Amino acid sequence: MKQPDYAAYARFYDYFELAGCEESEELNIFLDELFRMNSIKTVVDFACGTGAQAVGLARSGYKVTAADLSAEMLKIARKKATGLPVKFVTADMRVAELGCHDAAICIFNAIGHLTREECADFFVRARNHLNPQGVFVADILNFKAMSGKAFAQYRRMRREAIIDGLLVQHVRNCTLLKESRQLKIESLTRSQDGKNTPREIRDDWQMQLYDSDEFYTLLKSAGFSEINFFGPVGCEFDSETSDSILAICQK
């Protein structure tokens, strides 16, 4: 399945994916509460991106190992984590070997970049990274909700920002492929420096979606003993209307 080009987009990622995103901070609060209830001390963050969760959890006192395939995304994450207990590793979550931890997370639809077969294998790998009674947290867009009204907010996005003195515009169009249960994404990022010719980054990729039944089956098959679903940032989950599925699992 085609992957996004984070090497080119990394410097703009936080501005268009995280800037003003209360959901990321709210999720960190939810994770902190969950982990304290389960006496979690160490966390591994798969596909950590620019470190939104890794850095937030480290600030809350957790020892974090964070991995991502993109060296450019990790470069930004390392700057954010200066002085914090985070170990960053350049690694593909499909094959990463990062030791055992009290908790593992894979957030912001990162598993959507995997095929169904890769996702099933990854869940087994994630479980193997956990200490006894360890906790695994992962989320994914909910296919049932995306097949209904929830898709409207994802269909088209247009944003702009001043970044390092550049006027940067980002446009993203999404198409729901119901037969394959995938989201097709096409993006254009244009940066303009004064009267110079604009620089354009065009990209397209697909993300695999799941409904709650499919997601549960994959997690159960991976050997997790307890699986609970929540909506975004820990709110009550509705299989028909919650636009994403947040899974809390125990080894």
Counting only residues that are in a loop (DSSP other than H, G, I, E, B), free of Cβ contacts under 8 Å to residues at least 60 places away in the same chain and under 17 Å from V135 (Cα atoms), segment 5-47 contains a total of 0
Of F46, F35, which residue is of a type in the set (F, W, Y), at pLDDT 95 or above and within 14 Å of the chain's Cα centre (by Cα)? F46
Considering only helices (runs of 4 or more DSSP H) fully contained in segment 92-161, which possess at least 1 residues that are in contact with a Gly (Cβ under 8 Å, 6 or more places away or on another chain) and modelled with pLDDT of 95 or more? 116-128
List the pairs whose first member sits in segment 122-150 and is under 23 Å from L177 (Cα atoms), whose second member is of a type in the set (K, R), and whose Cβ atoms are under 7 Å apart, counting only residues at least 6 apart or on separate chains? F143/R181; S147/K178
For segment 148-186, how many residues are out of contact with any strand residue (DSSP E or B) (no Cβ under 7 Å at 6 or more places or on another chain) and among the hydroxyl-bearing types (S, T, Y)? 1
Could you tell me which of the residues G61, G56 is assigned by TED's automatic domain parsing to the domain that holds D92, farther than 17 Å from A96 by Cα and in a helix (DSSP H, G or I)? G56
If a residue must be among the aliphatic types (A, V, I, L, M) and either over 23 Å from L246 (Cβ atoms) or in contact with a Pro (Cβ under 8 Å, 6 or more places away or on another chain) (or both), how many such residues does segment 78-137 contain? 5
Is it the case that S221 is farther than 19 Å from E23 by Cβ, not basic (K, R) and not assigned by TED's automatic domain parsing to the domain that holds R127? no
Condition first: buried (at least 17 other Cβ atoms within 10 Å of the Cβ) and under 21 Å from F123 (Cβ atoms). Now tell me which residues in segment 189-213 satisfy that. Q206, M207, Q208, L209, Y210, D211, S212
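The values are calculated or read from the model by the stated rules, or taken from the named source; none is laboratory data. Everything numeric in this text was worked out from a predicted model, so none of it was measured. Note that we place each Cβ from the backbone using ideal geometry, even for glycine, and neighbour counts take in every protein chain shown.
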